[in-house]
1. Between B:P66, B:P72, which is over 29 Å from B:A180 (Cβ atoms), more than 14 Å from every other protein chain (Cβ to nearest Cβ), surrounded by fewer than 21 Cβ atoms within 10 Å (Cβ to Cβ) and out of contact with any helix residue (DSSP H, G or I) (no Cβ under 6 Å at 6 or more places or on another chain)?
2. Just to verify a result, which residue in region B:178-191, among those that are under 21 Å from the mean Cα position of the chain (by Cα) and in a loop (DSSP other than H, G, I, E, B), is nearest to the other protein chains (Cβ to nearest Cβ)?
3. Taking region B:86-107 as the search range and keeping residues that are touching a Gly at 6+ places or on another chain (Cβ under 8 Å) and crowded, with 21+ Cβ neighbours inside 10 Å, which one is nearest to B:C154 (Cα to Cα)?
4. So B:P92 passes all but one of these: (1) more than 28 Å from B:N212 (Cβ to Cβ); (2) in contact with a helix residue (DSSP H, G or I) (Cβ under 9 Å, 6 or more places away or on another chain); (3) modelled with pLDDT of 95 or more. Which condition number does it fail?
5. Which condition number does A:A55 fail, the rest of (1) more than 28 Å from B:E205 (Cβ to Cβ); (2) facing another protein chain (nearest Cβ under 9 Å); (3) loosely packed, with under 14 Cβ neighbours inside 10 Å being met?
6. Give region B:215-263 a look and list any residue that's buried (at least 16 other Cβ atoms within 10 Å of the Cβ), among the small types (G, A, S) and within 14 Å of chain A (Cβ to nearest Cβ), or say none.
7. Looking only at region B:161-191, count every residue that is in contact (Cβ under 8 Å) with a residue 40 or more places away in the chain and closer than 19 Å to B:L287 by Cα and tell me the total.
8. Considering each residue of region A:65-120, count those that are farther than 24 Å from B:L58 by Cα and either exposed (fewer than 10 other Cβ atoms within 10 Å of the Cβ) or not aliphatic (A, V, I, L, M) (or both), and give that number.
Amino acid sequence: MSQNPSDGFDPNDPFGAWRSIRDANLDAWAKNLSGLAGTEQFAKALGMQLDGMLAASAPMQKAVHQYMESYLAQANMPSRGEVVSLASRMTSIELRLDDMQAQLDEILGAIRGLAAAAPPVSAPPKPRKVAPRERP
Amino acid sequence: MTTTQAPDTAALTRKLYEEIERLGKGSETLARLATNQLNVPIGQTPRETIWTLNKLKLYHFYPQVPAEQRKPVPLLLVFALINRPDIFDLRPGNSFVEFMLRQGYEVYMLDWGRPGLEDAGYDFEDYALNFMGRAIRAMQRHSGTKTFSMVGWCIGAALTAIYAAMRPDDGLKNLVLLTAPLDFSDKAAGPFNKWLNTEHLNVDELVRQYGNVPGSVIDYGNKLLKPVENWVLSYLKLWDNLDNQAVVESWLAMNNWVSDPVDFPGAAYRQWIVEFYRENRLMAGTLQMQGRSVDLHNITASVLNVIADKDHIVPNCQSITAMEHFGSHDKLLLEMRGGHIGLMVGSGAHKRTWPAIDGWLAQRSG
């Protein structure tokens, strides 16, 4: 079999040759595994893996949740649910503040527009200075 | 006749020496990597935060061209709810934001932030209309103009399309969709359609247990689409180029972004799987928001729909068929070379995708 550098094989570069073989192998693996990921069997296996994980963690999560609820209540501290509820209320307040700021900006813009469109008003007369009376 | 080229001892020795030298340099880089001394920050283009709401932030990037060269229509960048939006501004020299600033755009970027448990109830209506609507209002206030352009990427493209359909009179002039997952009618397209169907994924239990679906779970799913590329070839690329500072930095920047996933808000995730993937409601016109159907025919803005020929996350058919649903008279489908992310990052993006987007947008940003 003839070999020359134009075939992609350089006898003076064993590392390059090794890399080429490695890359070709990995490309083949990549194609096969990507193909496998698209099969119904793989989807089923993935679903079963997730179901198993969720089924295993559910009772533990429930127990930890119940324990923490009672512990936090005894320690006179807010539970996660209460903190979450508070944070939700803060977001609602933020939303209303944002709307108010937008309305305020609109009103200010309208006032500025009106002020710019209105004819200039002559300045009011200056109050006369009255000399203080001398005390007798 | 066959001939076999005999190895040249001098050449072999030279190659061996080169390899040892490369490994020497590489081990130094490897040591710096292992000890966290080599870090490449991302999202470096100077910016200011002009608006915040809950976890959301709206950034305005400081202009890089004189005022007279700037385009009058500002540009808002919207990324997906998962992963950070910094992919738009990966690193100096490889940043879409930087590129667009140099073309004279006034660039804004929406950051959805990291949802907490209190955000688990927010769905697409909240993100597309309640939150993004307010961010757009803040941008309009800041820029002083009502008209604007938007670039939405991945789920961000779905969100911007929903916004464009529901608020066609809000000043949106141009809509650029990047790898937009909109039409899920082809159930054989891509592994996600199989993985996420009713038989295999118990979405309700997942959301019930976690509240928000952990970013690591979403990231695992994305990587599982191409396991060898993501878990082997990616690291081999780094190993092979440990002596090449530019490649190492580029790899690190990308890795910083990839390894920083964001949780998917529970209600939005459930809606995404059930109403988008499984029931294809957006295309069917049965997706309801604020008491109305989301009808893509209501989109009046000019639309540029960009797809990537090697996109393994959003198959092209999920974007292409949506074209006929857009009500716009001015719409264009553009197929570019690259993958779901590679489309907008790297030298190919710099040479092809960014100039194409700019070329289309510039004509419509006067």
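1. B:P66
2. B:A189
3. Looking at the filtered set, the residue picked out is B:D86.
4. It fails just one condition, (3).
5. Of the numbered conditions (1) more than 28 Å from B:E205 (Cβ to Cβ); (2) facing another protein chain (nearest Cβ under 9 Å); (3) loosely packed, with under 14 Cβ neighbours inside 10 Å, the odd one out for A:A55 is (1).
6. Of everything in region B:215-263, those that are buried (at least 16 other Cβ atoms within 10 Å of the Cβ), among the small types (G, A, S) and within 14 Å of chain A (Cβ to nearest Cβ) turn out to be B:G221, B:S234.
7. 13
8. 24
The values are calculated or read from the model by the stated rules, or taken from the named source; none is laboratory data. Nothing here was measured: the structure is a model prediction, and the numbers come from that model. Please note: Cβ atoms are built from the backbone with ideal geometry, for glycine as well, and neighbour counts cover all protein chains shown.
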